[in-house]
Amino acid sequence: MNALNPVILAVGGGKGGTGKSTLAVSLAARLTDSGHDVILADLDLGGANLHTLLEIHDTDRSLVQFIYQPGRIKDLHDCLVPTAMGGLHLLPGTGFIPGVANMEFARKQKLIRALKKLRCDYVVCDLGAGSSFNVVDFFLIADRGILLLTAEATAILNGYEFMKNCIFRKISRYFAKEQAVLQIVNSYKNGWENGSTGSVGEMIDKVRPDFPEAAKQMEELCRAFTPALLLNREKLKNDSLGAKLDALSRKYLNIRIDYLGALPPEPALQSGILSFLKNGAGTPFEMKLQEVASFFCKIGNRQYLSGLEYRENR
């Protein structure tokens with residue numbers, strides 16, 4: 001495997017059932033086919049299932065043991081399991097421990113530091129559903145977060161809410177020790193949660209008169225957060241939905257989205273993802289997947305730092 005500092009990709013989206021695990025496995029496999037060493041990390045803590053999709057049964061070691069049983073496992077590399085695809089290793093999330101899906105901040109930070117030190121080219125992370133702090137923080141530490149949605153009103157709304165939670169979490173973590181600034185941020189966040197209208201841009205304008213440097217830093221944090229959007233199982237005649245969500249995010253969240261298009265329905269996936277990856281060459285789904293993998297292959301180094309990393313590096 002390669003040196004430290006892999007490119008981290010995280011597949012999330014808020015709503016469950018959109019196909020995040022299938023995309024994570026498929027993307028990891030295609031990056032492997034491109035000649036990269038890839039680790040597929042199951043961060044759906046409390047609901048890990050990537051080992052099942054990959055037909056792996058021996059997962060007696062996992063990142064859960066690494067977090068909660070440091071005397072047993074000291075190195076995250078010791079938890080890796082080889083897969084049927086050469087160059088691709090699975091980092092399982094199996095192992096039931098009460099509260100693992102809502103682990104303490106210190107344990108989460110330990111895992112994040114270990115993920116960043118994995119010896120590979122790419123780490124592809126499959127995240128759980130919802131917008132808990134842990135899910136959001138795993139999305140934010142990625143070099144690129146991938147928002148996977150279906151073209152349903154509830155899924156799109158959840159995706160927008162997920163991004164809103166991300167940008168507020170990112171800003172709040174950055175200014176965690178600056179109470180005067182944080183008070184303004186929390187005031188706007190609480191107002192939104194209670195039904196008030198507004199935007200992140202208006203919040204930044206509110207901060208600017210008394211804290212001009214903080215406002216500048218907020219704008220930079222927003223510019224740095226650029227999720228990639230994919231729609232799943234959809235036959236779209238145009239890109240209007242992706243464009244509308246991007247316009248909405250620019251207007252109210254001060255962030256832009258890289259819309260990568262739609263993954264068409266793929267009936268062959270019902271027979272198992274391993275079978276499809278071996279035999280699905282040439283299908284519309286496979287061709288789109290190759291296009292998506294090529295997009296992420298262009299990321300040779302860090303595109304941006306997350307809010308957590310900003311705080312650590314200050």
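The values are calculated or read from the model by the stated rules, or taken from the named source; none is laboratory data. Since we're looking at a predicted model, the values are computed, not measured. A quick note on method: Cβ atoms are made from the backbone with ideal geometry, for glycine too, and the neighbour counts reach across all protein chains shown. Only protein heavy atoms, including side chains, enter the accessible area calculation; ligands, DNA and RNA are left aside. Shrake-Rupley method; radii C 1.70, N 1.55, O 1.52, S 1.80 Å.
Given a 1.4 Å probe, how much area per residue of the chain is accessible, in Å²?
Dividing the accessible area of the chain by its residue count gives 44 Å².
What residue among GLN179, LEU140, PHE162 has its Cα farthest toward the positive end of the dipole of the chain, where the charges are +1 on Lys, Arg and -1 on Asp, Glu, each on the Cβ?
The residue sitting farthest along the positive end of the dipole is GLN179.
Normalising by the residue count of the chain, find the relative contact order in percent from Cα pairs under 8 Å and 6+ residues apart.
23 percent
Please compute the length gained on full extension between GLU104 and LEU274, using 0.36 nm multiplied by the number of residues separating them and subtracting their Cα-Cα distance.
57.7 nm
Measure off 7 Å from each Cα along the Cα-to-Cβ vector at ASP75 and GLU202, then give the distance between these two points in nanometres to one decimal.
Roughly 5.4 nm, to one decimal.
Quick one: with all protein chains in place, what share of the accessible area of the chain is carbon or sulfur, to the nearest percent (1.4 Å probe)?
So the carbon and sulfur contribution to the accessible surface is 49 percent.
Stretch ASP258-ALA281 to full length: gain in nm at 0.36 nm per residue minus the Cα-Cα span?
5.7 nm
If we sort 141-147, 76-82 on the protection proxy, mean other Cβ atoms within 10 Å, highest first, what's the order?
The packing order, highest mean first, is 141-147, 76-82.
For the Cα atoms of the chain, what angle does the longest principal axis make with the long axis of helix 20-33, in degrees from 0 to 90, nearest 10?
Roughly 60 degrees, rounded to the nearest 10.
Determine the gain in length on full extension of the stretch GLU55-LYS117; use 0.36 nm per residue of separation and subtract their C-alpha separation, reporting nm with one decimal.
Residue separation times 0.36 nm, minus the Cα-Cα distance, leaves 19.6 nm.
Distance cut-off 18 Å, Cα to Cα: go down the list LYS110/LYS298; LYS74/LYS170; LYS117/LYS164; LYS74/LYS110; LYS108/LYS298; LYS20/LYS189 and report the pairs above it.
Beyond 18 Å: LYS110/LYS298; LYS74/LYS170; LYS117/LYS164; LYS108/LYS298; LYS20/LYS189.
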